[in-house]
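Right, one structure below, let's go through it.
Please treat every number below as a calculation from the coordinates, not as lab data. Nothing here was measured: the structure is a model prediction, and the numbers come from that model. Methodologically, a virtual Cβ is constructed for each residue, glycine included, from the backbone with ideal geometry; neighbour enumeration extends over all protein chains shown.
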Amino acid sequence: MAASLGEEEPGVDATTVSRWERGVRRPRPRYVRLLSRLFELPADQLGLVNRFEPGADPVPGSGRPAPDAPEPEDPTATELEEMERREFIRKLTTAFGTALLPPALDQLGPEPWTALARALKRPPALDRGTLDELESRTIGLHLLEQRIPARQLADGVVRHLHVLTHLLEFTHSPTARSRLAVLAGETAVLAGWLAFDRRDHVRARAYYAVALDAAREAGDEPLAACALGYLSYLTSLEGAAGEAQRLLHEARGRVGATYPATRAWLAGREAEELAIMGDTLASLDVLERAYAEFERARPEEERSWTRFLDRSRFESLAVATYARLGEADAALTAGEEAMAALAGPDFKKRAIVLADVAIAYARRGEAEAACELGGEALAIGLRTESRLGLQRVRELRHRLEPWNGARAVRDLDRQLQAVGTAGS
């Protein structure tokens with residue numbers, strides 16, 4: 001590290017490191033600076049500087065041990081410092097969880113100084129393996145979102161975002177910074193979606209805004225399009241279908257031709273919003289484009305956010321579009337495709353698909369079939385706490401108004417009332 005900065009070789013050998021490990025000596029300021037650059041972490045988080053009470057005199061002669069000078073032989077003070085160090089590591093692993101720590105931090109474990117000699121030999125920047133691990137964790141969190149309620153997953157997502165943010169603050173390599181910015185942006189859009197799922201629109205908008213910032217720094221237009229796509233759900237639920245459609249149209253223009261799964265998702269969403277606005281021709285035109293993109297897409301291989309877009313979820317976009325346009329037969333045809341491709345009883349998307357198909361049945365006047373699917377969608381939506389799924393069930397109930405006296409509708413009403421979602 002010293003050589004890379006054009007500085008003279010440091011006079012550090014195994015004996016010096018051993019003294020640092022045992023607390024006999026403290027690294028001089030120059031070594032603190034070099035170690036901080038080496039690990040791309042601040043000195044206090046590496047344990048290379050002591051904490052002092054506010055107002056303590058930092059000048060020599062004040063009783064503070066000088067850099068690289070022997071520590072005072074005070075067993076009580078030494079024990080206190082050791083307790084503080086252990087408490088810091090305990091809080092670190094509690095806050096982030098060892099599974100969320102990148103290797104550069106995780107290797108410190110409960111005894112950070114015992115690993116210092118080995119760590120000094122590591123390269124001065126985040127290596128590809130660490131970045132790959134962070135990317136795997138980001139993808140894993142997106143996959144978990146399909147099954148785990150937002151309130152259970154949110155803390156883990158935020159902790160992962162903290163790790164990425166911290167690494168960004170101390171990473172200077174343009175290549176590593178760009179990749180970290182992408183991962184942070186992908187995590188931020190997920191955090192925004194979880195906030196949306198928990199009805200916290202203020203936080204959701206803040207996360208989407210910072211995801212756009214991350215996309216701008218990384219030059220990743222598909223990531224920006226993803227953030228706009230997520231934002232469209234929030235905007236639409238607030239009753240601004242025109243603004244949601246505008247966001248989706250902008251997002252489609254930013255994706256590029258190399259990401260067909262993202263293009264298919266955004267086009268399907270735009271078709272939904274155009275249908276809500278009553279623009280039949282434009283809606284069907286965009287939906288046709290969505291089908292064309294989906295046929296050449298590989299959602300499970302494209303980006304972290306496209307892995308939810310299997311055949312069942314894509315067809316549900318078509319179901320919702322046709323149902324809103326009053327094309328009940330076309331909606332049920334797409335619904336058959338969606339139902340045939342469904343997997344996993346507790347996936348959030350299952351609640352959405354079932355509710356969309358139920359709405360199509362209601363559009364065609366088949367109230368009993370609509371209520372049967374709606375009840376199943378409600379049960380899954382409650383287990384997974386899927387806001388979108390539950391909202392679709394409430395939309396279904398609105399479509400069932402002409403059959404209020406029917407037994408199946410009354411049964412569905414009792415289920416809604418029992419869980420307190422009838423008017424929410």
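Values for this structure:
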quantity	calculated
Chain lengthening between GLU295 and SER173 when straightened (0.36 nm per residue, less Cα-Cα)	40.1 nm
Sparse-neighbourhood loop sites, GluC sites (Glu not before Pro) in the range 223-324 - DSSP loop, at most 16 other Cβ within 10 angstrom	GLU238
Rounded D (µm²/s) - the range 310-424, Kirkwood Rh over Cα pairs, Stokes-Einstein at 20 °C, 1.002 mPa s	159
Placed amide H near ARG26: partners under 5 Å, 5+ positions off or other chain	ASP68, ALA69
Rg/Rh for the range 274-313, where both radii come from Cα atoms and Rh is the Kirkwood radius	1.09
Inter-label distance, nm, simple model (7 Å from Cα along the C-beta direction), ASP132/ASP411	5.3
The range 235-359, relative contact order in percent, only Cα pairs under 8 angstrom and at least six apart counted	21
Range of Cα positions in the range 231-272 per principal axis (Å), largest first	32, 14, 14
Inter-label distance for THR333 and LEU5, nm, one decimal - labels placed 7 Å from Cα along Cα-to-Cβ	6.9
Debye log10 I(q)/I(0) at q = 0.09, 0.10, 0.15, 0.16 Å⁻¹ for the range 234-354, Cα point scatterers	-0.22, -0.27, -0.64, -0.73
Cβ-placed point charges (K, R +1; D, E -1), dipole of the range 280-424 about Cα centre in debye, nearest 20	520
Relative contact order %, the range 310-424, counting alpha carbon pairs below 8 Å whose residues are six or more apart	23
